[in-house]
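Values quoted throughout were computed directly from the atomic coordinates according to the rules given, and no laboratory measurement underlies them. Computed from a predicted structure; not experimentally measured. Don't worry about glycine lacking a Cβ; one is built from the backbone with ideal geometry, like all the others, and counts go over all protein chains shown.
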There are 2 protein chains.
Amino acid sequence: MAKLRNDTFIRALLHQPTDYTPIWIMRQAGRYLPEYNQTRARAGDFLSLCKNPDLATEVTLQPLARFPLDAAILFSDILTIPDAMGLGLYFAPNEGPKFERPLREEWEIRALIAPDPVEHLRYVIDAVSQIRRALDNSVPLIGFSGSPFTLACYMIEGEGGTEFAVTKKMLYQRPDLLHHILSVNAQAVTAYLNAQIQAGAQAVMLFDTWGGALSHHAYHEFSLPYMQQIIGGLIRRHDNADVPVILFTKGGGNWLESMAATGCDALGLDWSTDIQSARTRVGERVALQGNLDPAVMLTDPATIASEAGKVLAAYGSGNGHVFNLGHGISQFTPPENVAALVDAVHNQSVTYHTSR
Amino acid sequence: MAKLRNDTFIRALLHQPTDYTPIWIMRQAGRYLPEYNQTRARAGDFLSLCKNPDLATEVTLQPLARFPLDAAILFSDILTIPDAMGLGLYFAPNEGPKFERPLREEWEIRALIAPDPVEHLRYVIDAVSQIRRALDNSVPLIGFSGSPFTLACYMIEGEGGTEFAVTKKMLYQRPDLLHHILSVNAQAVTAYLNAQIQAGAQAVMLFDTWGGALSHHAYHEFSLPYMQQIIGGLIRRHDNADVPVILFTKGGGNWLESMAATGCDALGLDWSTDIQSARTRVGERVALQGNLDPAVMLTDPATIASEAGKVLAAYGSGNGHVFNLGHGISQFTPPENVAALVDAVHNQSVTYHTSR
């Protein structure tokens with residue numbers, strides 16, 4: 001493997017010394033960028049953009065052309081796996097993702113098969129290879145997938161939401177059926193992430209967007225164990241380099257200790273968690289990624305620099321911090337505010353890394 | 001004061017011995033009850049129902065006629081205070097509450113005045129007196145208010161939501177303005193809850209529905225201190241009885257220790273928090289109220305009894321537990337499932353109180 005010119009992100013995830021705190025931004029290739037909106041318009045719609053490796057490569061690189069970010073993240077959707085399972089992903093105008101054929105009957109659930117990523121998710125794997133070539137070892141590429149539980153919510157409800165009534169009814173009344181879905185999903189996600197790694201993803205992240213909607217006990221039965229199973233099945237070394245794994249459960253601040261025990265390298269933190277006490281709780285076992293309130297990005301460069309400084313100070317000196325927002329960047333963020341954030345993090349963080 | 005025939009709820013909040021674990025249910029007077037829907041139809045709309053003390057009394061008592069609940073809660077809306085401030089509360093069909101005149105300009109914020117509850121919220125105070133008469137000392141009556149921050153979110157945004165972009169922009173860029181709103185709100189809520197207590201409310205609850213949307217530091221600057229200020233200003237003994245205070249921040253599981261230090265008697269827990277570890281964290285300082293996942297109520301009596309039993313067992317033996325859901329009951333809950341829950345909690349909990 002050719003050496004990465006900037007491996008700060010990978011080193012931070014592995015708790016190795018770095019000169020400054022690396023930063024990338026969840027949803028950094030997205031609607032707040034005018035050039036993204038132009039490419040998306042050319043593609044026709046969001047799903048066509050995801051399924052076209054040329055255009056997915058183009059939008060993945062757009063934020064890196066503007067800002068000196070320390071990582072790229074594959075442009076894709078978290079629902080590619082259920083789409084490949086035949087559930088029919090679509091995006092209604094001005095609404096979130098939906099499925100034409102959500103899981104309604106037991107036979108539909110029993111008939112689920114984990115898709116072969118190389119065959120059924122070729123467009124994602126091709127995008128990974130193509131993005132890697134385009135990045136030319138400048139910064140690492142992050143691959144990702146939705147978590148088994150988060151995928152199951154969409155597969156069962158047919159859409160996103162905040163109540164998950166159908167999913168939870170199944171969870172409490174027919175846990176065997178939900179476990180079956182989760183088990184197939186875990187198998188599918190493992191194969192999918194490994195295919196991304198083999199195609200060139202240099203770190204991977206599991207997005208458990210809806211795990212935080214579960215009770216403490218349900219999270220530990222229906223979300224976390226399946227993520228742990230995936231982490232255990234991932235290729236952790238590829239092309240002579242470690243491939244770190246980041247685990248992110250939005251709203252999972254109560255559960256950091258058990259998340260840190262899954263074998264992942266880093267935890268993503270949403271903005272409700274104090275990164276200082278999170279660090280105390282998990283010790284040196286994992287790195288931490290986060291966790292500026294995305295709403296700060298709607299303000300102005302001076303406020304952003306000041307608030308970013310508070311997050312850096314809360315994490316404090318030493319290794320193991322990757323800066324990010326606590327959730328995806330808002331489409332209403334002025335791009336110049338992102339420039340201000342990246343600058344502020346790079347400049348202010350040097351002081352926390354002097355003991356290298 | 002005539003003695004309450006059933007004071008189990010008050011005793012549990014005060015960490016005193018009881019024969020069983022008391023239960024009430026957030027939003028127990030609500031749309032899952034056909035009789036509620038009939039009364040609401042007679043009132044015309046939700047706001048007319050809130051503003052009519054006769055009808056508010058009627059719906060407050062409806063769940064008690066069906067189920068042997070251990071407390072009644074005033075039927076009202078959390079947004080009565082900003083309505084009394086002149087912001088113009090209204091409910092569009094099939095949408096949440098909205099304000100005709102949200103706070104947009106600095107002069108509007110500077111002109112805010114805490115309403116005199118006896119003058120401007122007479123309908124609520126009258127409802128409290130009337131409900132107390134109707135309850136005839138059977139079970140205690142809970143009064144309540146939205147928290148200063150939660151009210152501010154609605155006052156600034158003009159409606160509910162999940163992002164609170166305008167509120168947070170003010171929080172980060174003009175904290176002085178937000179502090180001014182919160183200070184007026186805290187004064188208003190204190191007077192409002194004290195008027196409810198003087199009219200007969202035997203316990204009060206602060207609903208901080210949106211505090212969980214804040215970062216750790218913002219919660220401790222913009223939500224918690226104002227609730228602490230209110231708690232410090234409340235009448236804690238009235239009519240020869242203690243008036244316990246319950247504090248509930250949805251999504252506040254990370255912050256239980258600081259919430260317990262506000263001087264409240266009990267913390268409401270949402271369902272994401274493990275009640276067993278919550279009890280360990282707060283010790284005997286406060287009682288705990290909660291925290292069954294409301295989605296369990298959509299299942300069946302056997303599942304409900306089993307899941308309720310897990311919450312009781314997690315809390316364990318001893319005093320200081322009030323059973324509740326972790327959030328308001330869903331409108332899709334079959335009423336017979338509520339009967340099953342109340343029965344299950346009353347019957348199964350006896351074993352945890354034998355050492356009385």
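Structural remarks
- For the segment B:271-277, counting C-beta atoms of other chains within 10 Å of every residue's C-beta and taking the mean gives 5.
- Distances between copies at B:E100, taken between label points 7 Å from Cα along the C-beta direction, are 4.7 nm in increasing order.
- The HN-Hα couplings worked out from phi for the stretch A:143-148 by the Karplus form 6.51 cos²θ - 1.76 cosθ + 1.60 (θ = phi - 60°) are x, 7, 8, x, 6, x Hz, whole numbers, x standing for Gly and Pro.
- Near the amide H of B:L267, within less than 5 Å, lie the amide hydrogens of B:L247, B:A287, B:L288, B:Q289, all on another chain or at least 5 residues away, with H placed in the peptide plane.
- Within the stretch B:8-42, backbone nitrogen closer than 16 Å to the virtual label 7 Å beyond the Cα of B:D54 toward Cβ: B:39-42
- Inter-copy label distances for A:D136: 8.7 nm (label point placed 7 Å from Cα along Cα→Cβ; shortest first).
- Most mobile listed residue (A:Q276, A:Q62, A:Q173) in chain A, GNM with C-alpha springs under 10 Å: A:Q173
- Across all C-alpha atoms in chain A, the radius of gyration and Dmax reach 19.3, 60 Å.
- Estimated FRET transfer efficiency (A:R133, B:A92; beta-carbon r; R0 60 Å; 0.05): 0.70
- Inter-chain shielding of B:223-236 (mean C-beta neighbours from other protein chains, 10 Å cut-off): 0
- With label points defined 7 Å past Cα in the direction of Cβ, position B:T354 shows copy-to-copy spacings of 6.4 nm, given to one decimal and shortest first.
- 0 to 90° range, to nearest 10: angle between helix A:34-43 axis and chain A longest Cα axis: 30 degrees
- If the segment from B:Q331 to B:D239 were pulled out straight at 0.36 nm per residue, it would be longer than the present Cα-Cα gap by 29.5 nm.
- Peptide A:135-143 has a mean shielding of 0, counted as Cβ atoms of other protein chains within 10 Å of each residue's Cβ.
- Mean shadow area of the stretch B:253-319, taken as a quarter of the surface of its Cα convex hull (nm²): 4.5 nm²
- Using the Cβ-Cβ distance between B:R31 and B:K3 with R0 set to 30 Å, the FRET efficiency from 1/(1 + (r/R0)^6) comes to roughly 0.30.
- Between helix B:335-349 and chain B: long-axis angle, C-alpha atoms, 0 to 90°, nearest 10: 60 degrees
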